[in-house]
Amino acid sequence: MKIAIFGLGYVGSTAAGCIASQGHEVIGVDVSQAKVDAINEGRTPVYEPGLGELIAEAHADGRISAVISLADELDDCDLALVCVGTPSGVDGAHDMSFVAQVTRDIAEALKPGRSKPLTLAFRSTMRPGSCENIIWPIVENALGDAAGDAVELVYNPEFLREASAIEDYFNPPKIVIGTRDARPSPTMHALHQGIEAPVFEVGLREAEITKFVDNSWHAVKVAFANEIGRVCQNLDISARAVHEIFVSDTKLNISPYYMRPGGAFGGSCLPKDVRALQYLAADTGAATHLVDSLIRSNEAHKHHQFQKATEGLRPGARVLLVGLAFKVETDDLRESPAVDMARKLLEAGFDLDIFDPQIEPENLVGKNLGYAYAWLPRIDGLLVDKATAEGGGYDCIIATNRLVNDLSVDTARLVDVSTIP
């Protein structure tokens with residue numbers, strides 16, 4: 001293919017070298033004369049191990065060049081790949097001015113009568129909705145009714161780490177291709193031909209938020225590791241040994257478990273141990289701000305779920321809560337988010353029934369008994385059997401776990417807070 005790459009920084013230059021090495025013809029576009037000159041002389045504009053060799057070889061074979069502004073370069077291009085910067089603005093949001101300007105330049109340079117649409121793919125990190133609310137309106141403004149036939153809009157985030165960018169390009173953890181209709185893009189498939197990785201073909205917004213989620217999670221991991229390190233240092237514990245033990249657990253610690261958006265955490269261990277770690281950190285002066293925020297974040301999530309579950313319901317509405325224990329197939333009510341949900345429903349004036357076949361008030365003992373009656377003193381009169389639960393007549397059915405799969409209920413009235421769609 002013939003591919004134009006806009007922005008010759010670390011991402012754009014790496015993409016240019018790697019794509020050209022696969023046999024494609026690459027034209028780099030950048031406002032920096034120094035970067036353009038470097039490409040046209042067979043040099044890399046930025047330092048990245050191995051990139052100089054890729055660009056030199058592609059230049060020698062006539063597969064890479066660069067220009068400072070567009071003329072007729074897009075006429076026979078299959079793909080325009082935008083890699084310009086989106087630096088932080090004064091308010092913390094991404095500055096989209098470079099993206100907007102490049103989009104306008106590309107749209108205005110497109111000529112009518114193309115045999116097939118130009119695939120316009122963005123790799124610049126941007127707020128979800130930017131492709132729909134900023135980029136596409138610019139394209140439509142320039143091309144009018146012809147926009148849909150002239151341009152295929154794609155968001156294709158990159159997952160490159162500086163100093164290992166070439167390895168990351170050819171061996172990415174995943175390939176994410178966002179399109180306006182979430183359908184496959186033949187051009188993007190051709191671009192990634194020969195690269196083995198899981199491919200996710202999604203809508204534009206799902207693709208746009210990917211880098212936010214990934215990078216924020218990486219930041220959480222670094223901050224969490226350093227907070228634990230501070231606690232260990234203050235207690236004369238080997239943080240290195242603790243880390244080795246922690247990462248050895250690939251069943252729970254380093255795994256997809258606990259990473260699916262849905263219910264809040266609860267039970268007898270997590271809340272208790274988080275609070276204990278908070279106390280330990282404060283007592284030793286470790287200042288664990290991330291850990292300190294966990295309980296507050298969890299409480300906020302409980303209230304968010306209550307608000308979402310009761311949207312449009314008026315006080316007095318009949319509500320069935322399916323699942324009261326913190327986990328299915330248990331009768332442990334200690335710090336169960338479902339108990340908080342039941343309490344909030346009652347306080348808001350809803351007519352509440354609860355179905356959980358594992359809960360028998362007469363069998364509750366010890367702290368489990370104390371917690372249940374402290375938060376739900378009317379629990380004996382709230383629990384119903386399966387026949388009653390399936391009898392219908394409820395305005396809303398709130399499922400807190402997969403126990404609802406065992407019931408025959410009106411799914412049109414079902415709100416499942418155990419997962420986020």
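Where a number appears in this text, it was derived from the coordinates with a stated rule and is not lab data. Just so you know, these numbers come straight off a predicted model, no measurement behind them. Cβ sites come from the backbone with ideal geometry, for glycine too, and all protein chains shown count toward neighbours.
Helix-only arithmetic for the chain: the sum of -39500 (n - 2.57) across DSSP H runs with n ≥ 4, divided by the residue total, places the mean residue ellipticity at 222 nm at -12500 deg cm²/dmol.
Gain on full extension, evaluated as 0.36 nm per residue between Ala146 and Arg275 minus their Cα-Cα distance, stands at 40.5 nm. Think of the chain as having a plus end and a minus end, set by charges on the Cβ of Lys, Arg, Asp and Glu; of Leu321, Leu352, Ala20, Leu352 sits farthest toward the positive end of this dipole. In a simple Cβ point-charge model (Lys, Arg +1; Asp, Glu -1; nothing else charged), the chain has a dipole of about 760 debye relative to its Cα centre. Residues in the range 225-242 carry Karplus couplings, in order, of 4, 6, 5, 5, x, 5, 4, 4, 4, 5, 10, 6, 10, 6, 4, 5, 5, 4 Hz; the curve used is 6.51 cos²θ - 1.76 cosθ + 1.60 with θ = phi - 60°, and Gly or Pro positions show x. Close amide H pairs (under 5 Å, H built 1.01 Å from N) link Val151 with Leu118, residues at least 5 positions away or on another chain.
Taking the charge dipole of the chain about its Cα centre, with +1 at Lys and Arg Cβ atoms and -1 at Asp and Glu Cβ atoms, the residue from Leu364, Ser268, Leu110 reaching farthest to the positive side is Leu364. Overall form of the range 2-203: rounded. Here a/c, set by the Cα gyration tensor axes a ≥ b ≥ c, is under 1.5.
Put +1 on the Cβ of every Lys and Arg and -1 on every Asp and Glu Cβ in the chain; which of Cys83, Ile295, Gly144 then has its Cα farthest towards the positive end of the dipole? Checked the options; the winner is Ile295. Rg and Dmax of the range 60-132, both derived from C-alpha coordinates alone, stand at 14.4, 46 Å. Enter the Cα centre distance for the pair the range 192-209 and the range 347-421, rounded to the nearest angstrom. So the separation of the two Cα centres works out to 40 Å. As a proxy for reagent exposure, ranking Glu162, Glu311 by other Cβ atoms within 10 Å from fewest up yields Glu311, Glu162. As a calculated quantity, the FRET efficiency between Lys2 and Ile195 at R0 = 22 Å, using C-beta atoms, amounts to about 0.70. The equivalent ellipsoid that matches the C-alpha gyration tensor of the range 1-82 spans semi-axes of 17, 14, 11 angstrom, in descending order.
With Cα atoms defining each centre, the range 124-161 and the range 102-117 are spaced 12 Å apart in the structure.
Bridgeable lysines around Lys2 (alpha carbons under 23 Å apart, same-chain partners fewer than 8 residues away excluded): Lys35, Lys111, Lys116. Per-residue 3J(HN,Hα) values for the range 297-304, derived from phi via the Karplus relation 6.51 cos²θ - 1.76 cosθ + 1.60 with θ = phi - 60°, read 5, 5, 5, 4, 5, 4, 5, 4 Hz in sequence order (x marks Gly and Pro). Distance between the pseudo-spin-label points of Arg402 and Val67 (7 Å out from Cα toward the beta carbon): 5.7 nm.
Spin-label model, Leu252/Arg378: points 7 Å from Cα along the beta carbon direction are separated by 3.7 nm.
Computed over the chain, relative contact order equals 10 percent, with contacts defined as Cα pairs under 8 Å that lie 6+ residues apart.
Between Glu311 and Arg260, how high is the FRET efficiency from 1/(1 + (r/R0)^6) when r is the Cβ-Cβ distance and R₀ = 22 Å? Nearest 0.05. Efficiency at R0 = 22 Å is approximately 0.50. Note the listed values (1) 1.27; (2) 1.05; (3) 0.99, then indicate which one is Cα Rg over 2.2 N^0.38 Å calculated from this particular structure. Looking at Cα Rg over 2.2 N^0.38 Å for this model, the match is (1). Close amide H partners of Leu321, meaning residues 5 or more places away or on another chain with modelled amide H under 5 Å apart, are Asp353, Ile354, Phe355, Ile398.
The mean of 1/r over all pairs of different alpha-carbon atoms in the range 261-421, once inverted, gives a Kirkwood hydrodynamic radius of 16.5 Å.
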